[in-house]
Structure formats: C-alpha cells, structure tokens
1. Rounded to the nearest 500 deg cm²/dmol, what is the calculated helix-only ellipticity per residue at 222 nm for the protein assembly as shown, with -39500 (n - 2.57) per DSSP H run of length n ≥ 4?
2. What are the aspartates and glutamates whose alpha-carbon lies under 12 Å from the alpha-carbon of A:LYS42, with same-chain residues fewer than 8 places away excluded?
3. List, shortest first and in nm to one decimal, how far the label point of B:GLU14 (7 Å from Cα along Cα→Cβ) is from its counterparts in the other copies.
4. If you wrap a convex hull around the Cα atoms of segment B:52-123, how much volume per residue is inside, in Å³?
5. If you take the square roots of the eigenvalues of the alpha-carbon gyration tensor of segment B:103-176 and sort them as a ≥ b ≥ c, do you get rounded (a/c under 1.5), prolate (a/b over b/c) or oblate?
6. Can you tell which of B:ALA68, A:SER205, A:ALA8 lies farthest toward the positive end of the dipole of the protein assembly as shown, using +1 and -1 charges on the Cβ of basic and acidic side chains (Lys, Arg; Asp, Glu)?
7. How far, in nm to one decimal, is B:ASP120 from itself in the other copies if the label point is set 7 angstrom along Cα toward Cβ? Shortest first, please.
8. Report the extension gain between B:ILE71 and B:ALA229 in nm, rounded to one decimal, defined as 0.36 nm multiplied by the number of residues separating them, less their alpha carbon distance.
Protein chains: 2
Amino acid sequence: MRRLELIAVEGLPEVRPGDDLSRMISEHAALQAGDVVVVAQKVVSKAEGRLVELSHVKAGDEAVRISARLIAKPDPRMVQVVLDESVRVLRSDRVLITETRHGYVCANSGVDHSNVGGADLVTLLPLDPDASAERLRSGLRELTGAEVGVIVSDTFGRPWRLGIVNVALGLAGLPALLDLRGTNDDAGLPLHATVLAIADDIAASAGLAMGKTARTPAVVVRGLALQGAGSGRDLIRPADEDLFR
Amino acid sequence: MRRLELIAVEGLPEVRPGDDLSRMISEHAALQAGDVVVVAQKVVSKAEGRLVELSHVKAGDEAVRISARLIAKPDPRMVQVVLDESVRVLRSDRVLITETRHGYVCANSGVDHSNVGGADLVTLLPLDPDASAERLRSGLRELTGAEVGVIVSDTFGRPWRLGIVNVALGLAGLPALLDLRGTNDDAGLPLHATVLAIADDIAASAGLAMGKTARTPAVVVRGLALQGAGSGRDLIRPADEDLFR
C-alpha cells in the first residue's frame, strides 16, 4: 500500500542571520535519500539576513495613502517595504496584493512581521528562492550524505477561495510540475488538462505538520519517489496565459 | 515528533452508479478514529449517478460558439453541459472558466470525461458535496465504528500559478478553516491574516498519494488531531470580498 509520511522537524532553535540552516535541519532530522524537505520561507529569510528594520525606512506619500485604505492599517513604513519589493500593485483597497520581483502574486509582497522577533523587524522573501533551496539541498547532502529535494514554502491567499495555503516559492532536486498530458486514463482515454502542481501539493502537505506558529519551520515528506528537477518559476503562470492581466 | 501519514486506499473496484462507496472504502482501509478520508470527486459523482450521456445532449448556439474558441475544441455538447452546470462564465477564450451553482470557480464547471469509462459519458460535480461527505462519514462510522472526517476533493487550476492542485469541495467532521487570528506568534506578537485553509491543505496532501490516474480515488490522512466541523462553503470567498468581481 502506498504510504507517505510527513515528519515535523522539531526542536530547531530560533534562526538568526548567518545561521547554517542546513546544519540545524540535519541535526534535528534523520534524512533519507528521496526525502523532500519543506522549509518555511520565514526561517530561510532570517538565515539569509533578509530583514529590514522599519526604523531605517522612510514611508513615501503613496505608502501613507495606501496604509490608510487597508483594513489592518499597517505601519506606512511596512507598506513602503512592500512597494519596494513589488513590480506591480494589483489591489491596494482593504488588502494589499502585489506582484513581487520574482513574479509571485501575493499579499504584501510576502513581507511579514509575525514570528520575526520584534515589532520593528520585517522579513522579505529570499532574493532567489530556487537558489536558497539549492543551497539547502547541497548543504544537506554534504552533512548527511542523503540526496534530498528541498522546497522553500510560503502561505498564499487565493482569489476565489478563503484561507491561506502553503505553496512552493523555490525548489531544488524535484520537479515543480508533473505533466500527464499524453498519458491515458484507466479506460485508455487521454487525460486532459492534467499538469499537476506537485510541488505546491507537497508544500501544502507540509503545512499540515508545520503547525500554527513558527516552532516547526521544516517538514520532511517521505515516500514520494519523484524524478526530475524543476524550478519555482515553473509554477508562475506566464503573463500571456493569465486570466486577469 | 509530530508525524502524519498519507495512506492510499488501493484496490477499489471500478465505481458505478448506486455503488456503496462507504462500504468499498471500509473494505480497503483500516480506518481509525480521527482519520480524515479524502475521496476524489470523480468516484463520488459516479456512485451518485452524476453522469450525463452526451448523446442525450443538444448543444445550443452559445455552446457551439464557445467550443470553437477553446484550445481543446471540445465536443459542443460537453460545453453545453458545462454551461448548464454554471451560473456565470468568467472566461470562454482558449479555456472555459465558470462559476458553478455551488459557487466554485473552476475549469469547465468541474465537468470531466476522463476516467469515466466511455467517450460519450461525462461526470458532473456532486449536487451537494458537503452532503456527499456527510453520507460517506456516517456510512464509514456505521461500518467501521470509527469517527472519521471526510473530504470530497477535486483538482482546480489557479489564476496566477500553473498546474492543478487538489482542493476540498465538501467536507464533514472536520473544520474547513483554522482561524489563528487573535493568537500570538512565538515572540508574543499577534499573528495576522492567518486563517489557514486546512481542508485544502489536507486535500492537496491526499493528492500526493492519489497518483496519476483513477486507481487510488481515496486517501487516509492520519495524525491530524483536528477539532470542530465546517463546510466546503466556508472555503468559498464571498463575492463582496473578491478581487475580481
């Protein structure tokens, strides 16, 4: 019987800029070849020093105007950081939805101040989440000898559905999509429109074991038996295919 | 260490209208109290007889026009069925995106003809996926004595991201959302915007064990320890909160 496991990596200390996250994970998980390690963006950003002190930020007029229109009435300096991380604002009424420089469409450009350790500090998304995943993957290989896949995940909202779900920002050592077009269903008929966002399904599954706060920032997904390799960019819909551009 | 399991329910025979799906699942899985059983919409629809023979459908002018504009050039009678299941068409150029009578926004109103057993047959979504989940849940309780949660899942596309992911259409015996607003993060600061779509994360995790075709239409998710109960409707964003209406 096909059986997969989701194993929370528990007991990690608070992550600080410059920390060796591969080492921290390897010391708290017994990794095996073929495992996929899902790591929350927040701790990756912290380890990479992707932090901004709001006291060093000056909010511009647009940030002040937008802040007043948002339900949460965030610090206008936080809004300034969000704008600095974005290439396009999709919505700035009640909630702030942007497209980041990477191409993700999400709330607040992924900038966040929960679980950062101080009211004045916010985290930015990693500059290149695929590169972050690859560094973790090679670090884990070096430390444990195990060839694993790595996903850097974050929680995103969705337009037509409520609640946030875990998605894959960047990845290394596994495919992002599983393209089943050209294969047949059980009756021998071709399967249509079946490109599975497998890395997003994996990130979502890890969300179940990550728990509610930041105490479990990494989860090992065991039993997937995936082949090939992809990129977080594979999951970003090109502008010309997008329903809303 | 927190550990969850995803157990594929394998060996189910082909599901036909009128089949007792609870019995079929109970005979192929050793269920325990607290398990969440994720069942693919396709087999629920088949068991409930939510099938349409295209030879009984007459395509109207709009269906013929739309079919010609779609990449897949589907049978216009299939498009007619999609329109009959919808309350609104969001896009009918290259792909057909609709809002179903339930309120889901998805491709082709969830109408599908793969894994149905004949080129002339298509499946419709269950009339009331929450009721479908509740019937499965009470059937499983009666047959096994185990109090389980049930999710009826389907695969949906997303506007800004490529690939399809498993989501929860209907559910019984578990919450749809986990509302963490009002709780604090590890540093004692309030968690913002953290309503987790836990049922969608569970559905996505089950997608990992469902495999590529219809041979594994059910997956047991073990170890969640969820409390409360919700509805698939909890996951549908109200029209007045929607970015694109």
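Rule-based calculations on the coordinates, nothing more; no lab input. Because the structure is a prediction, the values reported are computed rather than measured. Counting neighbours? That spans all protein chains shown, and the Cβs are built from the backbone with ideal geometry, glycine included.
1. For the protein assembly as shown, the value works out to -7500 deg cm²/dmol.
2. Within the straight-line cut-off, A:LYS42 pairs with A:GLU14, A:ASP112, A:ASP154.
3. 6.2
4. On the way: hull volume 5.6 nm³, N = 72.
So the per-residue Cα hull volume is 78 Å³.
5. Working: a/c = 2.53, a/b = 1.51, b/c = 1.68.
Note, shape of segment B:103-176 comes out oblate.
6. Looking along the dipole axis, the top candidate is B:ALA68.
7. Values, ascending and in nm: 7.5.
8. Working: separation 158, 0.36 × 158 = 56.88 nm, distance 4.05 nm.
Full-extension gain reported as 52.8 nm.
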